[in-house]
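Values in this text are rule-based calculations from the coordinates and carry no lab data. The structure presented is a predicted model; accordingly, all values stated were derived computationally and were not measured. We place every Cβ from the backbone using ideal geometry, glycine too, and count neighbours over all the protein chains shown.
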Amino acid sequence: MPANMTQNAQSLRQHLTELTSRAKDEAYSMPSHFYTSDAFLELEKEHIFRKEWVCIGHIGEIPEPGDFFTTELIDEQLLVARDDTGDINVLSNVCRHRGNLVENEASGNRRSFICPYHAWTYKRDGALKTAPLMKKAKAFDPAKCGLPRFNTEIWNNFIFVNLDGTAQPLAPQMASLDGILHNYHHELRNLLFMEDTVWGTNWKNLTENFMEGYHLFATHPKTLQPMTPTQLCRKVPGEDRWTAYRSYYDPEYPPRGPFHEDMTEDEQRNSVLFNLFPSFVVAVAANYTLFLCLRPHGADQVSIRWGVCGLKSDPNDPEVVAYVDLCKAFNAEDKEKLETLQQAQKTRFFAGGPLAPDDLEGTIWDFLKYMESRLGAKSAALAAE
Ligand code: FES
Ligand SMILES: [Fe+2]
């Protein structure tokens with residue numbers, strides 16, 4: 001990396017550490033450069049996205065043996081497939097022969113996966129099945145030619161991958177958030193909608209945006225504000241792995257049932273929005289779950305796999321369609337704001353600004369603290385480099 005790039009990443013690391021050592025009531029945002037720097041993005045890829053549990057989808061996308069979808073995470077091509085025993089594996093979608101892409105479709109069902117280049121064929125669990133005309137090749141050992149399998153964990157029906165294989169088990173780290181979510185019974189909700197898209201904004205811009213209720217009245221005056229007004233947002237104390245807030249429903253807004261019988265009256269009146277760091281952002285409402293799996297796509301773009309879950313099972317049910325349409329409408333409102341934000345962030349004159357009080361932007365403060373814990377000036381992992 002050129003010296004000046006290293007230097008600007010170093011100065012952001014230093015800035016992050018100094019900023020987050022302030023008291024919470026003096027919370028401030030990061031300079032624009034935090035959201036545009038290629039050098040800092042390289043650190044994020046290496047020290048966050050390669051090392052953490054990253055959500056890449058929902059088990060409802062691949063309910064049957066042989067079902068699969070393909071996706072990408074920081075230049076790793078992934079093949080997520082259900083095998084004959086019903087297990088979900090996250091495989092490398094890179095052929096063990098000469099490294100071409102094995103599966104080229106976005107999703108589907110296969111008896112086996114055939115690399116189109118020289119037709120090496122893999123079983124549904126990634127083991128090599130056949131390799132044409134290879135018997136006389138001395139270096140060829142079929143047992144060593146399965147598709148590599150990444151560390152995988154399912155939490156709350158969401159599929160997580162850990163690329164470098166060093167992350168501690170996820171579920172035990174989520175126990176207290178599980179407690180907060182328990183009565184909503186997200187696990188009973190079916191996947192009803194799923195879409196892949198790319199927005200022209202840094203991944204941290206969308207992560208922060210999803211997690212703060214301050215912008216609702218200004219950015220979503222007709223879509224979200226009448227339902228979940230900014231004024232009724234309440235921060236939930238976060239932990240190392242996550243941050244959250246509750247967005248309470250306007251008392252004038254019709255009840256958002258059907259409610260699970262476990263839900264308290266208070267829970268019937270709010271959605272829990274959380275970020276499982278770094279970038280899995282979810283809104284568990286009284287009736288539906290909206291989730292966004294985010295990952296960087298260059299410094300100025302974010303790849304999004306987003307979906308909706310609910311108790312209904314028919315994606316064409318008019319009520320489901322209306323809810324997905326509402327999500328599309330407020331997503332479009334956010335996209336517009338976040339793409340102008342990215343444009344404005346090319347400036348050299350924005351050094352950060354004051355964050356709104358804890359209930360409104362405290363989640364951004366928690367996120368910056370998380371970023372500091374991984375990439376701050378004192379980060380042990382980086383110091384060793
Ligand atoms: S690269 Fe896949 S079969 Fe040759
Ligand atoms: Fe928004």
Under the Karplus relation with 6.51, -1.76 and 1.60 and θ = phi - 60°, whole-Hz ³J(HN,Hα) for the stretch 287-294, x at Gly and Pro, equal 10, 10, 10, 10, 9, 10, 8, 10
Restricting to lysines and to Cα separations under 22 Å from LYS135, and discarding same-chain partners fewer than 8 apart, the set is LYS123, LYS144
Note, the stretch 80-85: 3J(HN,Hα) by Karplus (6.51, -1.76, 1.60, θ = phi - 60°), whole Hz, Gly/Pro = x, goes 9, 9, 9, 8, 5, 8
Note on the stretch 239-325: alpha-carbon gyration tensor, axes a ≥ b ≥ c; rule is a/c under 1.5 for rounded, else prolate if a/b larger than b/c, else oblate; result oblate
Listed by chain and number, the residues whose amide H is under 5 Å from that of TRP199, excluding neighbours fewer than 5 places away on the same chain and using placed H, are VAL302, ILE304
Counted neighbours (other Cβ, 10 Å), sorted fewest up, put VAL90, VAL272 in the order VAL272, VAL90
Projected onto the charge dipole of the chain (unit charges on the beta-carbon of Lys, Arg, Asp and Glu, signs +1, +1, -1, -1), the Cα from GLY352, PRO278, PHE40 with the largest positive-side position is that of PHE40
GNM of the chain, Cα pairs under 10 angstrom: of GLU239, GLU195, GLU267, the biggest fluctuation goes to GLU195
The stretch 190-267: spread of alpha-carbon positions along the three principal axes, whole Å, largest first, is 39, 30, 29
Listed by chain and number, the residues whose amide H is under 5 Å from that of TYR28, excluding neighbours fewer than 5 places away on the same chain and using placed H, are LEU355
Correct semi-axes for the chain, from √(5λ) of the alpha-carbon gyration tensor and rounded to whole Å with the largest first, are 36, 28, 18
For the THR264, VAL321 Cβ pair and Förster radius 25 Å, calculated FRET efficiency rounded to 0.05 is 0.25
Expected vector for the stretch 297-306, Karplus 3J(HN,Hα) from phi with 6.51, -1.76, 1.60 and θ = phi - 60°, integer Hz, x for Gly and Pro, equals 9, x, 6, 10, 9, 10, 8, 10, 10, 10
Residue separation between GLU72 and ILE180 times 0.36 nm, minus their alpha-carbon distance, gives in nm 35.8 nm
For the pair ALA351 and LYS378, the simple spin-label estimate (label points 7 Å beyond Cα toward Cβ) gives in nm 2.4 nm
Rounded to the nearest 500, the 222 nm mean residue ellipticity computed for the chain from DSSP H runs (n ≥ 4, each -39500 (n - 2.57)) alone is -7500 deg cm²/dmol
Amide H proximity to THR228 below 5 Å, modelled H, separation 5+ or other chain, gives ASP250
Candidates ALA283, ALA139, ALA23; GNM for the chain (alpha-carbon contacts under 10 Å) flags as most fluctuating ALA139
Computed for the stretch 214-260: size of charge dipole around the Cα centre, +1 on C-beta of each Lys and Arg, -1 on C-beta of each Asp and Glu, debye to nearest 20, value 20 debye
Distance in Å, no decimals, from the C-alpha centre of the stretch 201-247 to the one of the stretch 86-143 is 43 Å
The stretch 1-141, convex hull of Cα, quarter of hull surface, nm² -> 13.0 nm²
With label points set 7 Å from each Cα along the Cα-to-Cβ direction at ARG22 and TYR117, the distance between them in nm comes to 5.1 nm
In a Gaussian network model of the chain with springs linking alpha carbons closer than 10 Å, the residue among GLU372, GLU319, GLU64 that fluctuates most is GLU319
The FRET efficiency for ARG98 and VAL198, from their Cβ-Cβ distance with R0 = 25 Å and rounded to 0.05, is 0.30
Between LYS138 and ASP83, Cβ-based FRET efficiency (R0 30 Å, step 0.05) works out to 0.50
For the stretch 175-374, using Cα atoms only, the Rg and Dmax in Å read 16.4, 53
